[in-house]
Amino acid sequence: MDSQALKRADGGKIRALVVDDEESITQLVAMALRYEGWEVDTASTGQEALDKIKSFGPDVAVLDI
């Protein structure tokens, strides 16, 4: 991992939630973010995303419109 990689204020990994109803897209985006050193969780519905926001506490969310 690059020493210039984005990090949380506490020095931890950036947490991202990827939300899309197409699993292949979700997994592709998640894989790319993990490659960059981010901690990633995924959801396939709006309700699942809301639940994960509460439990995972992401710093950023990538949403499909």
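Taking amide H positions as modeled 1.01 Å from N, with prolines and chain starts lacking one, the residues under 5 Å from residue 42 and 5 or more places away or on another chain are 18. The mean accessible area for residues of the chain, using a 1.4 Å probe and ignoring ligands and nucleic acids, is 71 Å² per residue. With the convex hull of its Cα atoms as the shape, the chain has an orientation-averaged projected area of 4.4 nm². Overall, the accessible surface of the chain at a probe of 1.4 angstrom is composed of carbon and sulfur to the extent of 55 percent.
State the Cα centre-to-centre distance between region 10-28 and region 34-65 in whole Å. Going from one Cα centre to the other spans 5 Å.
Label-to-label distance for residue 61 and residue 44 is 1.9 nm, based on points extended 7 Å past Cα in the beta-carbon direction.
Within the chain, DSSP assigns beta bridges of which about 10% are antiparallel (rounded to the nearest 5). Taking amide H as placed 1.01 Å from N in the peptide plane, residue 14 has its amide H under 5 Å from the amide H of 8, 39, each at least 5 places away in sequence or on another chain.
The values are calculated or read from the model by the stated rules, or taken from the named source; none is laboratory data. Everything numeric in this text was worked out from a predicted model, so none of it was measured. Note: ideal-geometry Cβ built from the backbone for every residue, glycine included; neighbour counts use all protein chains shown. SASA here: full protein model, heavy atoms, side chains in, ligands and nucleic acids out. Shrake-Rupley method; radii C 1.70, N 1.55, O 1.52, S 1.80 Å.
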